[in-house]
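All of the numbers you see were taken from the coordinates with simple rules; none came from a lab. Quantities reported herein were computed from a predicted structural model and do not represent experimental measurements. Here the Cβ positions follow ideal geometry from the backbone for every residue, glycine too, while neighbour counts run over all protein chains shown.
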């Protein structure tokens, strides 16, 4: 990273074993100051404190419900009015999944999965993007899933696959709109990653069956995803936009 002090904002980064927290740590190690948004205020603050202690950067944890416009506006305004340097990177990581079969999905569950994964990505991006355009520089990374590419079959149900596919479509369309302003937009599509979401819900024979289909022979780690996001957050990525980076150990090869 150059000498310019910049801030990366990561949503859904409160979970102790999540992709968001590991991404925040990796970006802090790369020299970014960090803003953590999470629906759990205490978890966001714990992540921020950990990052500040580990890497000596400025870090701020803010409560935000990414499905609520007023909550997003308040949280981003708090980040912008803080002592943190200007925002340069947005990582839309906040997400939710459910392993429900299609005919068992009630409308409220369908809407919840779409609201967090898709509407949340839209609302946070919509709030942050004008500043990136005004400054002529930005890196946006959206977290999708291999489920969007292969039609589920990993952990989440059809609503999760559909929502994460929508994230990929949004990534490509937005990349076309904002590239001329120095803002690039990319996505990562992780496979099965050891996180709090799947840690206690996927085990035994089912887990072994999934791993047997992964050419590299293991589950993904949060560090695998965080390293790719950190690359996409870097200054050298100005000519990569609208791309999806597969992080699945070869379980799904396009």
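Here are a few things to note about the model shown:
- Per-residue packing, averaged as other Cβ atoms within 10 Å, sorts the ranges 76-82, 166-172 into the order 166-172, 76-82, beginning with the highest.
- DSSP finds beta bridges in the range 1-129, and of those with both partners inside it, around 0 percent are antiparallel.
- Chain lengthening between residue 133 and residue 53 when straightened (0.36 nm per residue, less Cα-Cα): 25.6 nm
- Highest mean packing first, where packing is the average number of other Cβ atoms within 10 Å per residue, the peptides 215-226, 116-127, 92-103 line up as 116-127, 92-103, 215-226.
- For the chain, the longest principal axis of the C-alpha atoms and the axis of helix 19-29 are separated by about 40°.
- Note on the chain: GNM, Cα springs under 10 Å; of 235, 205, 109, the largest mean-square fluctuation is that of 205.
- Between the Cα long axis of helix 69-80 and the first principal axis of the chain there is an angle of about 50°, rounded to the nearest 10.
- For peptides 40-50, 153-163, sequence by mean Cβ density within 10 Å, most packed first: 153-163, 40-50
- Value of Rg to Rh for the range 7-245, rounded to two decimals, is 0.95; Kirkwood radius and Rg both from alpha-carbon coordinates.
- Considering only alpha-carbon pairs that sit under 8 angstrom and 6 or more positions apart, the relative contact order computed for the range 7-245 is 20 percent.
- Extension gain from residue 173 to residue 205, taking 0.36 nm per residue of separation minus the Cα-Cα distance: 7.5 nm
- Build a GNM of the chain with springs between Cα atoms under 10 Å apart, and of 73, 38, 104 the one that fluctuates most is 104.
- The range 212-254 - Rg over Rh from alpha carbon coordinates, Kirkwood radius: 1.04
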